[in-house]
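Asker: The structure that follows is given in the form of structure tokens.
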Amino acid sequence: MHKVEFENVTLYNADCRDVLPLMSEVDAVISDPPYGMAWDGKVTRGKNGTGKTGPTKHHGKTILHDNEPFDPAPWVNFDRVILWGSNHFGCRLPVGTTLVWLKRYDEGFGSFLSDAEVAWMKGGHGVYCKRDVSLQGESKERVHPTQKPISLMSWCLDLAKVPQKATVLDPYMGSGTTGIACIRTGRKFIGVEKDPEYFATACKRIEQELSQPVLVL
Ligand SMILES: C[S@@+](CC[C@H](N)C(=O)[O-])C[C@H]1O[C@@H](n2cnc3c(N)ncnc32)[C@H](O)[C@@H]1O
């Protein structure tokens, strides 16, 4: 296990199930885990503002543990929880609120690519949507094959009513998007990533974010 600390941010290069016993001070779990869909590393993007798809690229690697069913059990007992990809493991979750990320413009709907992604939020039973098309097409912002937009993760923090200065855990942080959302909105962050390459990407993004002038929204 490797640990890197910044002001209000702690990052672990580890298997999250191994560091779970250290997580006693966590107020919310906001995460985008491996979905258990055995993704083959191929990425096909939609073309901005069209119903068409772009070329397919092979990303060169798969997502760790994506070839096994995801078990949400270790995370659902925290007070506030949001887990993306819940359509893949909903049978192992209690009833809750559904969040929908509309990732395409209306004109892009109906190709064989997904128009949206779905998350489960602990408690309630409503359905809430956010449109963010910033990662459509070949975006310069993209540093992880299943990256989420920063604004989407900030929306999650507000929907889950995570107080300012509370501590948010993302046990599957990938490139650290949830961490950047926490920094921008005045929450503390603990991130865990097992893949050393994505861990290094997360450290770099978070270091860059912390070097920006502070603007807490
Ligand atoms: C769906 S991706 C998250 C991407 C993230 N939302 C982003 O914006 O970059 C899930 C991540 O969990 C990591 N992972 C899978 N199993 C893990 C485990 N047991 N412990 C820690 N990280 C794990 C994978 O390497 C992958 O980067």
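Asker: Among 151, 134, 118, which residue has its Cα furthest toward the positive end of the charge dipole of the range 71-189, with +1 on Lys/Arg Cβ and -1 on Asp/Glu Cβ?
Answerer: It is 151, whose Cα lies furthest towards the positive end.
Asker: If you don't mind, another one. How long is the gain from residue 115 to residue 87 if the chain were fully straight, where each residue apart is worth 0.36 nm and the alpha carbon distance is subtracted? Numbers along the way, then the final one.
Answerer: Details: separation 28, 0.36 × 28 = 10.08 nm, distance 1.36 nm.
Answer, rounded to one decimal: 8.7 nm.
Asker: Projected area of the chain, taken from the Cα convex hull and averaged over every viewing direction, in nm²? Intermediate values should be presented prior to the final figure.
Answerer: Numbers: hull surface 46.4 nm².
The number I arrive at for the chain is 11.6 nm².
Asker: Next question, about the same structure. Only Lys, Arg, Asp and Glu count, each charged at its Cβ (+1, +1, -1, -1), so figure out the dipole size of the range 2-210 about its Cα centre, rounded to 20 debye.
Answerer: Values: 26 positive and 26 negative charges, 107 e Å.
It works out to roughly 520 debye.
Asker: If you take the beta carbon distance between residue 77 and residue 102 as r and set R0 to 30 Å, what does 1/(1 + (r/R0)^6) give as a FRET efficiency, to the nearest 0.05?
Answerer: Details: r = 30 Å, r/R0 = 1.00.
E between residue 77 and residue 102, to the nearest 0.05, is 0.50.
Asker: Using modelled backbone amide H atoms (1.01 Å from N, in-plane), which distant-in-sequence or interchain residues come within less than 5 Å of residue 166's amide H?
Answerer: Amide H to amide H, under 5 Å and 5 or more residues apart or across chains, residue 166 pairs with 188.
Asker: For the range 131-209, how big is the tail of P(r) above 17 Å, as a whole percent of Cα pairs? Can you show the working numbers first?
Answerer: Details: 1311 of 3081 pairs.
The share of Cα pairs beyond 17 Å in the range 131-209 comes to 43 percent.
Asker: Can you run phi through the Karplus equation (6.51, -1.76, 1.60; θ = phi - 60°) for the range 162-169 and list ³J(HN,Hα) in whole Hz, with x for Gly and Pro?
Answerer: Once rounded to whole Hz, the list reads 6, x, 4, 6, 6, 9, 10, 10.
Asker: Over the chain, what is the mean sequence separation of C-alpha contacts under 8 Å (at least six apart), divided by residue count, expressed as relative contact order in percent? Display every interim value, and only then the final one.
Answerer: Working: 450 pairs, mean separation 54.4, N = 217.
25 percent.
Asker: Sticking with this one: Which one of 39, 72, 192 is farthest out on the positive end of the charge dipole of the chain, using unit charges on Cβ (Lys, Arg +1; Asp, Glu -1) and the Cα centre as origin?
Answerer: Sorting the options by dipole projection puts first 39.
Read-outs: derived from the displayed coordinates by stated rules, not from any lab. Quick caveat, the model's predicted, so the values are computed rather than measured. Heads up, the Cβs are rebuilt from the backbone with ideal geometry, glycines too, and the neighbour counts pull from every protein chain shown.
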